[in-house]
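Bear in mind these aren't lab numbers, they're just calculated from the coordinates by the rules spelled out. Computed from a prediction, not measured in an experiment: that's the story for all the values here. Heads up, the Cβs are rebuilt from the backbone with ideal geometry, glycines too, and the neighbour counts pull from every protein chain shown.
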Amino acid sequence: MSPTLPSERRTMPRALVAVAVAVMLVASGCARTLPESPTQGAFGPASEQVTPSPTGVATATASPTSSPTATSTPTTTPTPKPTPTDPWKALSAKTQKQFKKCRTTTVGPGSSGACALLVVKKLKAAHYYPWALTSRINQTSGANAILNYQRSRGLPATGIVAKKTWLALASKAPVVPTVLPKKCLTKGVVICVDQAHRKLFWLKDGEVKKTVKVRVGGYNYLKKKKQKKGEWRIYATANGTWKVYDKQVDPPSDNYGSGAMPYSVMFYPDMYVHYSPGFHAVGYAGSSHGCVNVGSLSDAIWIFKHTPIGAKVHIFSATKV
């Protein structure tokens with residue numbers, strides 16, 4: 001899609017819910033904790049506009065003269081508040097029946113049963129789960145399919161299917177439109193990463209010169225040195241605006257070793273745009289630990305060569321709720 005310019009039946013264990021909802025980055029090579037970005041959150045309301053009269057001049061209408069002896073008592077009738085509507089009632093009876101037993105449950109990594117299978121079926125129908133059907137949400141492809149679906153619909157990327165995500169799946173909510181923020185449309189070179197559509201836009205002076213499919217942070221496992229065990233959780237790519245401070249063909253990494261992040265364009269300590277052999281091999285079945293993965297080596301080399309030190313990097317997520 002071309003960007004518009006500008007503008008279970010087993011309920012998941014509580015511990016896994018807390019783990020999946022905790023969206024953070026861990027230090028060293030595509031995993032570092034970042035402060036909450038001021039760019040995150042719902043978009044603000046549109047500005048009110050005043051429509052001029054056809055003549056461009058406001059006109060006043062003369063009111064009839066009231067009799068000095070006439071009196072009028074204004075009647076004040078309170079405006080009734082609109083009655084909230086249940087969005088589920090707008091769905092077909094068949095759909096309501098299909099989701100009735102699951103819409104009050106939570107499904108996420110490790111969940112299994114009928115509701116987990118329903119999630120997989122709906123993700124598959126929405127083209128976010130190209131693998132075989134399973135009644136268990138595993139900790140790689142299943143969890144990341146949920147995350148990618150949520151981002152594409154402007155939902156909070158928690159990796160957990162709860163009330164809002166159930167409704168989106170049931171109602172076949174559309175993908176959010178591709179709109180590049182104004183921060184991407186400035187002078188010079190800008191790398192603009194759209195998490196909802198998993199795309200990197202390389203711009204120069206406000207014009208898109210190259211569009212590349214990317215993979216961002218998600219549900220992953222990390223085991224650092226001197227640790228006996230690692231941890232499964234969401235290692236997110238944080239929204240925000242940075243500048244490229246360095247570029248390295250093969251940067252060292254304590255966690256991943258040599259050759260793990262070729263052609264790295266570094267825009268935040270331990271958070272880079274780089275070629276990913278893993279993304280090239282397994283696609284969206286996995287995720288990064290916060291970096292922006294490029295699955296095409298030629299595209300990664302192109303970005304590396306054409307992006308100067310000091311170029312702006314802006315990462316954003318379209319948000320509806």
| query | When you look at Y149, is it in contact with a Leu (Cβ under 8 Å, 6 or more places away or on another chain), assigned to a helix (DSSP H, G or I) and of a type in the set (S, T, Y), yes or no? | reply | yes
| Quick check: is even one residue across segment 232-246 surrounded by fewer than 18 Cβ atoms within 10 Å (Cβ to Cβ), out of contact with any Lys or Arg (no Cβ under 7 Å at 6 or more places or on another chain) and within 27 Å of I137 (Cα to Cα)? | yes
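This table checks each residue for (1) surrounded by 14 or more Cβ atoms within 10 Å (Cβ to Cβ); (2) more than 14 Å from the chain's Cα centre (by Cα); (3) in a helix (DSSP H, G or I); (4) on the phi < 0 side of the Ramachandran plot.
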residue	(1), (2), (3), (4)
P84	no, yes, no, yes
K122	yes, yes, yes, yes
P156	yes, no, no, yes
W166	yes, yes, yes, yes
| note | With criteria (1) in a strand (DSSP E or B); (2) surrounded by fewer than 23 Cβ atoms within 10 Å (Cβ to Cβ), I191 comes up short on (2)
| note | Within segment 226-270, residues being assigned to a strand (DSSP E or B) and among the hydrophobic types (A, V, I, L, M, F, W, C) number 6
| Pair list, Cβ < 9 Å and 6+ apart or interchain, from segment 294-313 residues that are closer than 15 Å to Y268 by Cα to residues that are of a type in the set (S, T, Y) | I309/Y245; G310/Y245; K312/T186; K312/T241; V313/T241; V313/Y268; V313/T307
| said: For segment 263-321, give me each residue that is surrounded by fewer than 18 Cβ atoms within 10 Å (Cβ to Cβ) and of a type in the set (V, I, T). | reply: V282, I301, I309, V321
| Single condition Y219 does not satisfy, out of (1) in a strand (DSSP E or B); (2) surrounded by fewer than 14 Cβ atoms within 10 Å (Cβ to Cβ) | (2)
